[in-house]
Amino acid sequence: STKPAPLSNPHGQDKMDAATKPPPSSSSLQSLPTPPPPSAYSKYMDWVLPTAKQGATLASKAALYGTKWYHNYKVKGLENIPKTGPVLLVLTHSLATYDVVLLLDEIAEKTGRTPKPLVDRLFFKIPGISELAHHAGMIEGNRDNARELLNAGELVVVLPGGMKEALKPSSEKYDIKWDTRKGFVKMALETGAQVVMGACPAADDLYTVYGNPLTRTVYDTLKAPLPIFAGRYYTAMPMASELTHVLSKPVQMPQLPNSKHLTQQFVDGKHRQLIKVMDSAITQALSEKK
């Protein structure tokens, strides 16, 4: 009988064909399209972007050191920042605001911890400013972000007085009006974070802030800042006041994640306790003034 012909193997045949196929000639390689050479603009941007980033970093460092020198800046109680675990650093708010930046730089440089500042959500609604805020490591101030960071064991920075405190006239300088600002207390209780209170009352001396109906109206209606103020020689240049931040010893808050334990009476009591700690920090900081 006749034997059946062997079945063909197209895949094997392809491999054999590929193995026996001659390599492409140099002429065929030359006919392939070559990528265009980088343009002068792309070469320029490859150089300028990292150079600009490095320059901006150096410029910001120079500005920080220059500002610290201008104000003979110091921090008392830096050792009170816990080395690990969730910490809520609660600060006063001046019109200048940059006293907070000086403190955060000192903390990062000398404790090794990276502060996570929660700032007014207005910063994230303004085009251009939003990108700068993100680049600077700022985080939109809301309860979800605060809770997530503290539960992750971060050092979170809050300024309960907010913009309203920053806009207070000089006739009310050094005052804190946090009677209704109790969100930071509830957050500390929900997460069991340690609380460090920080005060730099001399930052209220950097500008003379004038109380006026326009500033109040714009804030009350638009929640936007429109201060009338004067600095050195009646310009926007800040006064050469010496700045000292005083940080309190940490206050350990009991962790009460269950809302039924967070009675208003309990929150009010812890709020009064922390306000007393802040008042002591302000008094000590004012005693450091020359």
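The values are calculated or read from the model by the stated rules, or taken from the named source; none is laboratory data. Keep in mind the model is a prediction, meaning the values are calculated, not measured. Cβ sites come from the backbone with ideal geometry, for glycine too, and all protein chains shown count toward neighbours.
Mind checking whether some residue in segment 274-283 is surrounded by 19 or more Cβ atoms within 10 Å (Cβ to Cβ), touching a residue at least 40 places away in the same chain (Cβ under 8 Å), in contact with a helix residue (DSSP H, G or I) (Cβ under 7 Å, 6 or more places away or on another chain) and part of a strand (DSSP E or B)?
no
Given (1) on the phi < 0 side of the Ramachandran plot; (2) over 24 Å from the mean Cα position of the chain (by Cα); (3) not in a loop (DSSP other than H, G, I, E, B), identify the lone condition not met by Tyr233.
The number of the failed condition is (1).
Residues that are within 17 Å of Val119 (Cα to Cα), at pLDDT 95 or above and not hydroxyl-bearing (Ser, Thr, Tyr): find the strands (runs of 3 or more DSSP E) completely inside segment 137-224 holding 1 or more of those.
155-158, 194-199
Of all residues in segment 184-201, count the ones that are out of contact with any helix residue (DSSP H, G or I) (no Cβ under 7 Å at 6 or more places or on another chain) and not polar (S, T, N, Q).
Residues in segment 184-201 being out of contact with any helix residue (DSSP H, G or I) (no Cβ under 7 Å at 6 or more places or on another chain) and not polar (S, T, N, Q): 3 in total.
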